[in-house]
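Heads up, the thing below is written out as structure tokens.
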Amino acid sequence: MINKELLGILCCPLCKSDLELVEENKILICSKCNEKYEVVNDIPIMLPGEYEKKKNSIASK
Ligand SMILES: [Zn+2]
């Protein structure tokens with residue numbers, strides 16, 4: 001899992017707010033704008049829209 005130190009450094013690239021880790025879904029959620037960031041192999045993918053895009057592509061199959 002992501003260590004707390006790293007989590008403390010990370011912030012939302014869109015609004016610079018703190019991120020909240022949702023361990024069961026392995027995603028980070030911005031506390032302000034609710035943007036979601038996927039965590040792959042313990043590395044957060046800090047690209048806005050990537051999580052939704054991936055989710056949608058799975059749903060459309
Ligand atoms: Zn944000």
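The values are calculated or read from the model by the stated rules, or taken from the named source; none is laboratory data. Values in this document were obtained by computation on a predicted structure and should not be read as measured data. All Cβ positions, even for glycine, are placed from backbone atoms using ideal geometry, and neighbour counts span all protein chains on display.
State which residue is modelled with the highest pLDDT when the search covers only segment 23-35 and only residues that are away from the ligand (no atom under 13 Å from the Cβ) and farther than 12 Å from I2 by Cβ.
Only one residue tops the list, namely E24.
Collect the residues in segment 23-35 that are touching a strand residue (DSSP E or B) at 6+ places or on another chain (Cβ under 7 Å) and either not charged (D, E, K, R) or not in a loop (DSSP other than H, G, I, E, B) (or both), keeping them in residue-number order. Outline the logic, then answer.
Residues of segment 23-35 that are touching a strand residue (DSSP E or B) at 6+ places or on another chain (Cβ under 7 Å), as a first pass: 26-31.
Matches in segment 23-35: I27, L28, I29, C30, S31.
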Fill in the blank from the handout: Flagged in segment 8-17 as among the polar types (S, T, N, Q) and more than 8 Å from the ligand (Cβ to nearest atom), in numbering order, are none
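Any idea which of E20, E38, E5, E52 is outside any loop (DSSP other than H, G, I, E, B), within 12 Å of the ligand (Cβ to nearest atom) and acidic (D, E)?
Working: E38 fails: within 12 Å of the ligand (Cβ to nearest atom); E5 fails: within 12 Å of the ligand (Cβ to nearest atom); E52 fails: within 12 Å of the ligand (Cβ to nearest atom).
Result: E20 is the single residue among E20, E38, E5, E52 that is outside any loop (DSSP other than H, G, I, E, B), within 12 Å of the ligand (Cβ to nearest atom) and acidic (D, E).
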